[in-house]
Amino acid sequence: MTDRPRSASESVVRVPVGLVVLVGPPAAGKTSFVRELVAGGRIDAGAVVSSDEIRAELFGSAPGGADSDAADARIFEERDRRIAARLAAGHSAVAESTNVTPQARARLLDLAGRFGVPVTVLRFDPEVADLLRQYTERGRTDLTAADVRAYAAVMSRDAGADRLRAEGAAAVHDVPGRRDGVTPAEAAARFAFD
């Protein structure tokens, strides 16, 4: 069971200073959510460390060289460096990537442990039909529908709230979305960051 705000009238979820790990398949709404957090002044833009943005910075929009294991290693080393710099300065960092596998989360949990900060997981777990609709609406060309389904299956198998807590998350919160009738802006308004 996760802590899920049920209505706009419920209290806002407070997220302590530390590492915030977004967990969800591609097209689940993670990027839209963090954009709304920034637009609403809930977090500063520098808090968001996005593997997709780092990929674009390092390799541009041409997918050719950015799809290798060596490219992934470089991207995630840079992500970790940016997260470490924020945590060392006493600021929160939001790790915006899929993080659906235990291995991806272990790397982040280890990083948070080095700085003695809590890890808050925000889960994005839409219905597969909603996920595929959002994927189609976004027009992504770097993934196929089969890829999105595969990520959703891994999420379902390996990213339940109990497992996330057992791995070391201090708190796990489901971020409401389309199936809840909640827009990204409304979802962002349900969270406050210390």
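The values are calculated or read from the model by the stated rules, or taken from the named source; none is laboratory data. Remember, predicted model here, so these are calculated numbers, not experimental data. Surface accessibility is based on the protein's heavy atoms, side chains included, excluding ligands, DNA and RNA. Shrake-Rupley method; radii C 1.70, N 1.55, O 1.52, S 1.80 Å.
General observations
- Answer label for Cα extents along the principal axes in Å (calculated), chosen among [x] 52, 47, 31; [y] 47, 40, 32; [z] 53, 38, 33: [y]
- Surface share of carbon and sulfur [accessible, 1.4 angstrom probe, percent] for region 76-157: 52 percent
- For the chain, the 222 nm mean residue ellipticity estimated from helices alone, with every DSSP H stretch of n ≥ 4 adding -39500 (n - 2.57) and the total spread over all residues, rounds to -14000 deg cm²/dmol.
- Per residue, region 38-194 exposes an accessible area of 49 Å² to a 1.4 Å probe, with every protein chain left in place.
- Over the chain, relative contact order from alpha-carbon pairs under 8 Å, at least 6 apart, %: 41 percent
- Placed amide H near Ser50: partners under 5 Å, 5+ positions off or other chain: Glu96
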